[in-house]
Amino acid sequence: MSRTHAIRESLGDRIFLAFIYAFLILVLATVIYPLIFIVSSSFSSSEAVVSGRVWLWPVDFSLEGYKVIFSNPMILTGYKNSILYTFFGVLANVVLTVALAYPLSRSTFIGRNLIMMLLVFTMLFNGGLIPTYLTVKSLGILDSPLAMILPGAIAVFQVIIARTFFQSTIPKELGEAAELDGCSDIGFLWRVVLPLSKAIIAVLVLFHAVGTWNAYFDALIYLKSPELFPLQIILRNILILNSVDAGSLVDANQFAARQGLRDLLKFSLIVVATVPILCIYPFVQKYFVQGIMIGSVKG
């Protein structure tokens, strides 16, 4: 009868491992407590929030903050705009990134090194804010939804990651075999490459979706019409400019203080603005680690 002998750790190793666990628990608590505090505050009453009685769990459970948010057309419009910008921005990013990265990953593509050098050059040097603004204006997309989609449709670092993934995952012999069977280049990309590239596509989707959803500076520069503002601009106005008038949104008699309502709205809006992007991660998580690890290795 065979017996399994585990390697015994030394006292120093056990002490070091205990220190690592303690440090990770401290980091986890530091990161997760602000999230718990925000969620708990959003489900508390305004009196509890303004008096500082909320620490870990909701106090005087209330949904008034969310009722005010979803009854305000400005916030709902920003929510709708952010969803549209994120969806079409991710769609444009994935299509253009794959269309650019895949040819650059093939050794038979003439001029790929020159194109790659030009792409990397743009990471080091760019025209700056004013030339970019003038370009967007000359294209006639200023103060339009396209101004939130086209300027950031391609990120060079994502192209590099996708190119490395294709180089290390899609062997040239696979393309040669498909060519012998009469498959066209587009057919090979659609029927073979994309089904084998779910991991890197998940990485591209998550990177660009998070960036687009949280972006507000482009909207601040390119958009003037309030009906086109994304949710982050409205969130900025509430958190920084205090543009929400508590008395105009809801009867002040329902709350102990107007400042308490403002704080409650801030916490509730942070939760509303964060939840959608958090919902994407569970669906792409199983591909994300694989894709980012393979794409980060130099091909």
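Looking only at the range 100-120, residues that are small (Gly, Ala, Ser) and part of a helix (DSSP H, G or I) come to 2 in all. Among the criteria (1) among the charged types (D, E, K, R); (2) in contact with an Asp or Glu (Cβ under 7 Å, 6 or more places away or on another chain); (3) more than 24 Å from Ser138 (Cβ to Cβ), the one Arg191 does not fulfil is (2). Here is the figure for the range 180-210: residues that are touching a residue at least 40 places away in the same chain (Cβ under 8 Å) and not basic (Lys, Arg) total 16. Exactly one residue out of Ser184, Ser225, Ser168 is among the hydroxyl-bearing types (Ser, Thr, Tyr) and either under 30 Å from Ser138 (Cβ atoms) or open to solvent by less than 40 Å² (accessible area, probe 1.4 Å) (or both), and it is Ser225. Looking only at residues in the range 228-254 that are under 20 Å from Thr274 (Cβ atoms) and modelled with pLDDT of 90 or more, which one is least open to solvent (accessible area, probe 1.4 Å)? Checked the range 228-254; the qualifying residue least open to solvent (accessible area, probe 1.4 Å) is Pro230. If you check Ser41, Ser51, Ser71 for being open to solvent by less than 80 Å² (accessible area, probe 1.4 Å), modelled with pLDDT of 80 or more and not basic (Lys, Arg), only one passes: Ser41. For the range 195-221, which positions are part of a helix (DSSP H, G or I), out of contact with any Ser or Thr (no Cβ under 7 Å at 6 or more places or on another chain) and more than 23 Å from Ala99 (Cα to Cα)? The answer is Asn214, Phe217, Asp218, Ala219, Leu220, Ile221. The residues of the range 9-33 that are closer than 30 Å to Asp60 by Cβ and either open to solvent by 60 Å² or more (accessible area, probe 1.4 Å) or modelled with pLDDT under 85 (or both), listed by number, are Leu28, Thr30, Val31, Ile32, Tyr33.
In the range 137-157, the residue that is least open to solvent (accessible area, probe 1.4 Å) out of those that are in a helix (DSSP H, G or I) and closer than 22 Å to Leu100 by Cα is Ala147.
Scoring Ile36 on the criteria (1) without any contact (Cβ under 8 Å) to a residue 24 or more places away in the chain; (2) open to solvent by less than 20 Å² (accessible area, probe 1.4 Å); (3) within 28 Å of Ala215 (Cβ to Cβ); (4) not charged (D, E, K, R) leaves a single failure, condition (2).
The values are calculated or read from the model by the stated rules, or taken from the named source; none is laboratory data. Not measured: the values here are computed from a predicted model. Every residue, glycine as well, gets a Cβ built from its backbone with ideal geometry; the counts of neighbours run over all protein chains shown. Remember, those area values only see protein heavy atoms, side chains included, never the ligands or the DNA or RNA. Shrake-Rupley method; radii C 1.70, N 1.55, O 1.52, S 1.80 Å.
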